[in-house]
Amino acid sequence: MPRPAVPFFLAVLIVIIMGCSPLAPVNAVIGEDTYRLLADQPYGDNERQMLDVYLPVVGLDEAPVVVFFYGGSWRSGDRADYAFVGEALASRGIITVVADYRVYPEVTYPAFVQDSAAATAWTRTHQQDWQAQPQSLFVMGHSAGAYNAAMIALDKRWLAAHDLDPGMLAGWIGLSGPYEFLPIINPDVKPIFHHPRTPKQSQPFYHVSPQSPPALLMAATPDKLVDPERNTRQLAEALHKADVSVETHYYESLHHLTIILVMAKPFQWWEPVVDEVHDFVMHQSANASP
């Protein structure tokens, strides 16, 4: 039986979150005893090329690593607002890196993808600082951040700039991501992707190959901002046709924002998003070489 629509108290919280202090009410109640924080780590020279690392308090040497990119239409976002993602995964034995990246109008495509690749490369290099033997590495994102993660996992150009290859990834995770959105309809996104001269190569969908890493794709069925049929389902079908391992989950009770919000400790009971991410990471880690 599908769950009912998002309850009233959660809808009210979303309204608060979208106000002047994004996600602060959520982060205020997650606690700090389930992880150790390495804050404000630079991976570049720009003030937005910074990341935070959430280390599990136990099992560090065996912990897989997830690099997380938030959404915000490539226009906004702050890694500190997503402490709840770091806590959710670190408390389950996953090292979690939450990265900022440059956004519009300071930059346009592909700078934010380049930043995401640089943050991933920084993480790969610094795993040796946290673990005796670097464990499996994943990239993950929500909304625009899921696009960033998809581009890193599917388009070899970005990691190649760091002498790396998507084959080093044990998998990638996308929550409500836009993976094929041409022609661009959203007026806020048009200048970011150089509309009407948006290159086809900017779309993750067109980079699927049999060498693509395993994927976990999740979406909210009622999502009106990023169409789950055109994006999540279409990409999953392309991966499947390429004989790439892909797992999908669709949630009728969630929406574009709540699919990431339910990773926070106060709301994890509503849908098992964080559990599905954990299970995917641990399963792929057990079947991959670091």
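All of the numbers you see were taken from the coordinates with simple rules; none came from a lab. What you see is a predicted model; the values in this text were computed from it and never measured. Cβ atoms come from the backbone with ideal geometry, glycine included; neighbour counts cover every protein chain shown.
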Of all DSSP beta bridges in the chain, antiparallel share, percent nearest 5: 30 percent
Ascending count of other beta-carbon atoms within 10 Å, so fewest first, for Ile192, Ile95, Ile152: Ile192, Ile95, Ile152
Ranked list, fewest to most other Cβ atoms within 10 Å of each Cβ, for Tyr206, Tyr35, Tyr54: Tyr206, Tyr35, Tyr54
Contact order normalised by residue count of region 26-286, Cα under 8 Å, 6+ apart, percent: 18 percent
Only Lys, Arg (+1) and Asp, Glu (-1) charged, at Cβ; region 26-286 dipole about Cα centre in debye: 740 debye
Cα Rg, Dmax, region 26-286, angstrom units: 16.7, 50
Residue exposure sequence - Lys200, Lys156 - by fewest surrounding Cβ within 10 Å: Lys200, Lys156
Simple label model, 7 Å out from Cα along Cβ direction - Gln41 to Asp279, nm: 2.9 nm
